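Below is one structure; the comments refer to it alone.
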Amino acid sequence: MALIAGPTASGKSGLAVALAKHYAASGQQSVVINMDSAQVYADLSVLSARPTADEMEGIPHRLYGYIDGAQTCSAARWAEDAKAEIAEAHAAGAVPILVGGTGLYMRTLLDGISPIPDIDPDVRAEIRALHVSDAYSALQSEDPDRAALLSPNDTSRISRALEVIRSTGNNILFWQSVKEGGIADDITLKPLILLPPRAWLYARCDRRFDMMFDNGAAAEVCTLLERTLPDDCPIMRAIGVPDIAAYLDGDMTRAEAIESAQTATRRYAKRQYTWFRNQSPPEWPRWENEINNKNSEDIITLFQ
């Protein structure tokens, strides 16, 4: 199985197609499997930079736009769906090519997930009713190691840690040390992390959002807003959605919306860049140059 990971706008999707065509030239079929948390949603085609039919060049692509925006796609759900697609590809004699920039998805698929039992609803309700200062004091008493890692004002993480230890009898650090369901030991993996020069990457982020705005992003957000989904739906917080929504409501100019979304995209790319540089296994190969049609064959040799 091949894996191409890295920050947004680094050229992952195009490289995946180039790799698939390379395999095809030697008589080996392949399937590209999405590993990006925004591209799973049917409602976000333009803003998630989902590959178009032309860009797929006839290569089978899976787990793109297959979830309705009203739903939440957890890492656990995606990992189960990805396992099914990987198994189907292997059964057909094809090479799965995972491509995306969501590190949590990658880690959950390969390493597994903590099997934290369901939280008792009564315990959850009791804890969520506490003031954050009271909840933090309780956590300091019941799980001091976890409390020491959290800000006293981090309401959600404090509540989560407290409800886990009260409901399961073990603290969250214990559960995080227990993983199950990962496939890393069952596959032969050929990974590549894309870490191109930051200036080149950020310029691509800016150009791409300009193109998104000119190629249907505003209409996409308008259609999404017409669904009146809850504000806490992940799709409503996707990069570009709040900014274009503000533009459509008259709260931002077109230029302001684009600049705001470009800034958010660059910040996201920076976080991804740092995560993949520091969290990916050190033995995994990295490509730290620009990515273009002229050097794609050089990059592909890293999978051999």
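The values are calculated or read from the model by the stated rules, or taken from the named source; none is laboratory data. A quick note: this is a predicted structure, and the numbers were derived from the prediction, not measured. Using ideal geometry, Cβ is built from the backbone for each residue, glycine included, and neighbour counts are taken over all protein chains shown. Heavy atoms of the whole protein, side chains included, go into the accessibility calculation; ligands, DNA and RNA do not. Shrake-Rupley method; radii C 1.70, N 1.55, O 1.52, S 1.80 Å.
Results, tabulated for the structure shown:
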read-out: Within the stretch 1-28, tally of residues that are open to solvent by 20 Å² or more (accessible area, probe 1.4 Å) and hydrophobic (A, V, I, L, M, F, W, C); value: 4
read-out: Candidate set from the stretch 42-76 (those that are open to solvent by 60 Å² or more (accessible area, probe 1.4 Å) and of a type in the set (Ser, Thr, Tyr)); member that is nearest to Ala238 (Cα to Cα); value: Thr72
read-out: Members of the stretch 251-278 that are open to solvent by less than 90 Å² (accessible area, probe 1.4 Å) and either part of a loop (DSSP other than H, G, I, E, B) or closer than 26 Å to Leu19 by Cβ (or both); value: Met252, Thr253, Thr265, Tyr268, Ala269, Gln272, Tyr273, Thr274, Trp275, Phe276
read-out: Pairs with Cβ under 6 Å, 6+ apart, first in the stretch 202-226 and of a type in the set (D, E, K, R), second open to solvent by 20 Å² or more (accessible area, probe 1.4 Å) and in a helix (DSSP H, G or I); value: Asp206/Gln262
read-out: Among the residues listed as Ile33, Ile59, the single one being within 18 Å of Pro96 (Cα to Cα), modelled with pLDDT of 95 or more, assigned to a loop (DSSP other than H, G, I, E, B) and among the aliphatic types (A, V, I, L, M); value: Ile59
read-out: Some residue of the stretch 155-166 being in a helix (DSSP H, G or I), of a type in the set (Asp, Glu) and within 30 Å of Ser141 (Cβ to Cβ); value: yes
read-out: Test: residue in the stretch 105-126 that is under 16 Å from the mean Cα position of the chain (by Cα), of a type outside the set (Gly, Ala, Ser) and part of a loop (DSSP other than H, G, I, E, B); value: no
read-out: Set Tyr247, Tyr202: member being open to solvent by 40 Å² or more (accessible area, probe 1.4 Å), among the aromatic types (Phe, Trp, Tyr) and over 23 Å from the mean Cα position of the chain (by Cα); value: Tyr247
read-out: In the stretch 84-103, the residues that are outside any loop (DSSP other than H, G, I, E, B) and surrounded by 15 or more Cβ atoms within 10 Å (Cβ to Cβ); value: Glu85, Ile86, Ala89, Val95, Pro96, Ile97, Leu98, Val99, Gly100, Gly103
read-out: Residues that are among the aliphatic types (A, V, I, L, M) and in a helix (DSSP H, G or I), drawn from the stretch 221-236; value: Val221, Leu224, Leu225, Ile235, Met236
